[in-house]
Amino acid sequence: MPTSLLLFPSSALEAPPPRTTLAPVPRVRLEALVARANAYASTETRAGATQKAYATDFRSFETWCLAQGLTSMPATPATVSVYLAALAGEGKRPSTIARALAGIADEHRHRGCTWVRGPSVIGDVMRGIRRRHGTAPDQKAPLSDDDMEAMVAVLGEDLAGLRDRAILTMGWMGAFRRSELVALTVEDVGPAGEGLVVQVRRSKGDQGAARK
């Protein structure tokens with residue numbers, strides 16, 4: 001998986017005919033803007049865990065294709081469909097297979113290969129897998145009041161203990177994800193009556209921080 005996506009070199013930008021009324025943009029500034037555009041499009045803009053999962057999924061697909069004598073890049077819809085069926089035959093969950101498909105599609109896009117979306121044999125295979133092997137997602141048991149009380153009871157009264165107690169209780173009361181908790185800063189928490197207002201700037205369901 002490439003660490004960054006090169007959208008285009010600065011030489012790919014065609015300059016318009018010169019106009020005497022407009023000052024030319026300095027070349028050094030244009031190079032900087034190209035670098036910035038490529039940085040925005042890099043894989044760093046995606047959650048690290050997701051990117052690692054996609055990379056692992058595509059490596060597995062490459063290995064499978066090599067063993068079968070098939071081409072992994074660019075892969076035909078038939079190749080991808082057979083691979084998804086193979087994963088289902090190994091007992092992989094539909095959610096795991098869907099993520100593998102997302103990883104394959106993501107790698108194709110990053111390498112500039114056409115990835116057709118919409119109705120296709122791949123979609124038909126995925127729908128069939130979900131119908132035949134679909135399962136309800138696992139629901140984690142919530143932490144009980146007694147469990148939380150036991151956890152905070154062993155924490156010390158020093159600064160580290162008070163910090164851990166605050167994080168645990170706030171995370172429990174607000175049902176925050178681990179990633180949401182560790183991303184909080186002092187500026188994100190404020191008093192509100194007898195409680196607190198917590199601003200989650202970015203979450204799993206809002207990677208782009210659209211909701212603030």
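With contacts defined as alpha carbon pairs under 8 Å and 6 or more residues apart, what's the relative contact order of the stretch 145-198 in percent?
The normalised contact order for the stretch 145-198 reaches 17 percent.
Taking R0 as 22 Å, what FRET efficiency do you get between Glu149 and Leu181 from their Cβ-Cβ distance, rounded to the nearest 0.05? Between Glu149 and Leu181 the formula returns 0.70. Protection proxy ranking, highest mean first, for peptides 187-193, 159-165: 159-165, 187-193, where packing is the per-residue count of other beta-carbon atoms within 10 Å, averaged. Ordered by the count of other Cβ atoms within 10 Å of each Cβ, fewest first, Lys52, Lys92 give Lys52, Lys92. Each label point was placed 7 Å from the Cα along the Cα-to-Cβ direction; for Glu62 and Ala86 their separation is 1.5 nm. For the pair Cys113 and Met173, how long in nm is the line joining their label points, each one 7 Å along Cα→Cβ? Result: 5.2 nm between the two label points.
Taken together, the values in this text are just the output of simple stated rules run on the coordinates, not laboratory data. Being a predicted model, the structure only gives us computed values, none of them experimental. Backbone-built Cβ (ideal geometry, glycine too); neighbour counts: all protein chains shown.
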